[in-house]
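Comments concern the structure below.
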Amino acid sequence: MSIQYKSISIALLTILFSCSKSTESNCNDDGSLYNSSSYPIGVALNYDEFKYNSKNANITQKQFNSITAENTFKADLLHPDIDTYNWLEADELATYCKLNDKRLHGHTLIWHQQLPDWILNFQGNKAEWENIFKLHIQTIVGHFKGQVESWDVVNEAFNEDGTLRNSIWRQKLGNDYIQRAFEYAHEADPDALLFYNDYNLESNPTKRNNVLSYLNNLKFNDVTIDGIGIQMHINIDSPESSQIAKTFEDFSKYDYLIHVSELDIAINPSNKDIELNKQLLDRQALKYAEVAELYNQIPSDFQYGITIWGVSDKDSWIPIQFKRKDYPLLFDDDYEPKTCYCKLKDAL
Ligand code: G3I
């Protein structure tokens with residue numbers, strides 16, 4: 001074969017090879033996210049995935065130093081009946097964190113979703129509702145005193161237009177239930193850091209401004225609120241970096257610890273019939289890096305950390321919830337690191 005033919009064949013083979021491997025990233029997981037970072041890097045874990053999937057557990061052990069239970073601490077699982085608490089799985093996670101020097105963030109005490117039937121069907125007057133509300137918060141916070149460093153005390157209490165959501169808690173307890181949730185949690189564990197947690201704060205300025213002034217007003221009245229959980233279920237196109245930067249700035253300016261509490265970056269938000277390709281994965285990687293670079297600008301006293309909402313694409317809530325193909329996390333279905341894992345690590 002002439003030299004010319006030989007180099008054409010090599011070039012063709014290279015093109016063919018790179019096409020068939022179009023989603024490969026040349027990225028390996030030799031390093032560790034949290035070892036590359038000056039602030040904690042966390043992950044959300046579902047008990048079963050963590051307990052029975054050694055790939056998930058190994059990645060968690062090596063890459064993350066903060067844990068949020070994706071579902072285990074929610075009311076329907078942890079407090080399934082009025083006098084019944086299922087401590088088993090939550091305790092096991094807490095013991096794992098203690099033995100392995102991982103921070104445990106509690107998610108979540110008061111939310112309008114994943115409520116057990118006994119709460120949804122509870123018949124009682126205002127004082128009886130107040131009693132179950134207080135007991136729910138204080139029994140759980142008290143149980144994990146000294147083990148859970150921080151709590152999402154109230155989750156997603158605002159509508160997109162910035163008004164208070166008309167959740168069952170608001171209906172039964174009145175507009176000031178948020179204040180009392182924080183007070184009860186603080187009473188049960190004065191050392192725990194207390195967060196308000198919500199979504200779209202980075203993309204919806206109206207909601208962000210209303211949440212901020214509502215929380216500022218509580219703080220002004222001496223209610224202990226230490227931080228804000230900015231969930232950041234975002235996508236490769238949105239929000240723009242200026243919005244993310246403004247969000248971090250707005251909350252740190254008023255002395256809130258900032259926890260990027262549920263980060264994932266969807267690739268297919270408008271549910272197209274896509275094939276995953278290198279270009280999409282590269283765009284996702286740039287967005288992960290952008291979030292970290294903007295987070296690095298926050299004064300270090302307010303950096304509570306970045307938590308990724310799951311280990312692998314296979315475990316993500318997004319394809320299930322929205323019934324679409326998507327790949328929002330740092331590890332692929334085979335628990336191999338994606339380009340975004342490496343870009344994020346470099347950006348920390
Ligand atoms: O536990 C039951 C199980 O008994 C049953 O067999 C199975 C059948 O569907 O469902 C199991 O419950 C599921 C639960 O996850 C635990 O796996 C629920 O159906 C399912 O709806 C639930 O989804 C969770 C969702 O919150 C609930 O609203 C997702 O995993 C979780 O990622 C998601 O997380 C929320 C945050 O808490 C708050 N911010 C938004 C975020 C995404 O929605």
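The values are calculated or read from the model by the stated rules, or taken from the named source; none is laboratory data. What you see is a predicted model, and the numbers here were worked out from it, not measured in a lab. Reconstructed Cβ throughout: ideal geometry from the backbone, glycine too, with neighbour counts over all protein chains shown. Remember, those area values only see protein heavy atoms, side chains included, never the ligands or the DNA or RNA. Shrake-Rupley method; radii C 1.70, N 1.55, O 1.52, S 1.80 Å.
Using helices alone, I'd like the mean residue ellipticity at 222 nm for the chain: each DSSP H run of four-plus residues gives -39500 (n - 2.57), total over residue count, nearest 500.
Values: 14 runs with 154 residues, N = 348.
Value at 222 nm, helices only: -13500 deg cm²/dmol.
For the chain, which DSSP H helices look membrane-span-like by this rule: Cα extent along the axis of 15 Å or more and mean Kyte-Doolittle of at least 0.5?
Going by DSSP H runs, the hits are 3-20.
If R0 is 41 Å, what FRET efficiency do you get for W87 and D222 from their C-beta distance, rounded to 0.05?
Values: r = 32 Å, r/R0 = 0.79.
Efficiency computed from Cβ-Cβ geometry: 0.80.
Go through K246/K338; K74/K134; K219/K253; K62/K345 and tell me which ones have a Cα-Cα distance over 18 Å in this structure.
K246/K338
At 7 Å along Cα-to-Cβ for each site, give me the label-to-label distance between Q113 and K325 in nm.
In this crude spin-label approximation the distance works out to 2.5 nm.
Under the rule a/c < 1.5 gives rounded, and otherwise a/b versus b/c splits prolate from oblate, where does segment 128-185 land using the Cα gyration tensor?
Oblate is the answer for segment 128-185, as a/c is 1.5 or above yet b/c matches or exceeds a/b.
Hey, if you put +1 on the Cβ of every Lys and Arg and -1 on every Asp and Glu Cβ in the chain, which of Y288, Y214, N175 ends up farthest toward the positive end of that dipole?
Result: Y288, furthest along the dipole toward the positive end.
Can you give the % of DSSP beta bridges in the chain that are antiparallel, to the nearest 5?
10
When ligands, DNA and RNA are left out and all protein chains stay put, how many square angstrom of accessible area per residue does the chain have with a 1.4 Å probe? Can you show the working numbers first?
Numbers: 15910 Å² over 348 residues.
Value returned for the chain: 46 Å² of accessible area per residue.
Work out the length of the dipole vector of the chain about its Cα centre, built from +1 on the beta-carbon of each Lys and Arg and -1 on the beta-carbon of each Asp and Glu, and round it to the nearest 20 debye.
680
Let me make sure I get this right: for segment 166-217, a, b and c are the square roots of the gyration tensor eigenvalues over alpha carbons, sorted descending. Under 1.5 in a/c it's rounded, otherwise prolate if a/b > b/c, else oblate. Which is it?
In terms of gyration-tensor shape, oblate.
If you roll a 1.4 angstrom probe over the protein chains with everything in place, what fraction of the accessible area of segment 275-344 belongs to carbon and sulfur, to the nearest %?
C and S atoms contribute 50 percent here.
What size of dipole, in debye to the nearest 20, comes out for segment 61-188 about its Cα centre when the only charges are +1 on Lys and Arg C-beta atoms and -1 on Asp and Glu C-beta atoms?
Numbers: 12 positive and 19 negative charges, 48 e Å.
The dipole of segment 61-188 has a size of about 240 debye.
Once the chain is represented by equal point scatterers at the alpha-carbon sites, with solvent omitted, what log10 I(q)/I(0) does the Debye formula produce at q = 0.14 Å⁻¹?
-1.17
How big is the charge dipole of segment 143-244 about its Cα centre, in debye rounded to the nearest 20, if each Lys and Arg gets +1 on its Cβ and each Asp and Glu gets -1 on its Cβ? Walk me through the intermediate numbers first.
Details: 8 positive and 16 negative charges, 69 e Å.
With only Lys, Arg, Asp and Glu charged at Cβ, the dipole is about 340 debye.
Given Cα pairs under 8 Å that are at least 6 residues apart, what percent is the relative contact order of the chain?
Answer for the chain is 19 percent.
At what distance in nm do the modelled label points of E275 and L120 sit from each other, each positioned 7 Å from its Cα along Cα→Cβ?
4.3
Shape call for segment 146-303 from the C-alpha gyration tensor, a ≥ b ≥ c root eigenvalues: rounded (a/c under 1.5), prolate (a/b greater than b/c) or oblate?
Details: a/c = 2.11, a/b = 1.68, b/c = 1.26.
It is prolate, given that a/c is not under 1.5 and a/b is the larger ratio.
Can you find, among C97, I59, A185, the residue sitting farthest towards the positive end of the charge dipole of the chain, where Lys and Arg contribute +1 and Asp and Glu -1 at Cβ?
In the chain, that residue is I59.
Ignoring ligands, DNA and RNA, please state the percent of accessible area on segment 201-253 from carbon and sulfur, probe 1.4 Å.
C and S atoms contribute 43 percent here.
Going by average Cβ neighbours within 10 Å, how do the peptides 89-100, 55-66 rank, with the highest at the top?
For the peptides 89-100, 55-66, the packing ranking is 55-66, 89-100.
Kirkwood hydrodynamic radius, computed over distinct alpha-carbon pairs, for segment 19-127: how many Å, to one decimal?
16.3
For D48 and L164, compute 0.36 nm times the residue count separating them, minus their Cα-Cα distance, and round to one decimal in nm.
38.3 nm
Figure the gain on full extension for N175 and N131 (residue separation times 0.36 nm, minus the Cα-Cα span) and round it to one decimal in nm.
Taking 0.36 nm per residue and subtracting the Cα distance, the gain is 14.2 nm.
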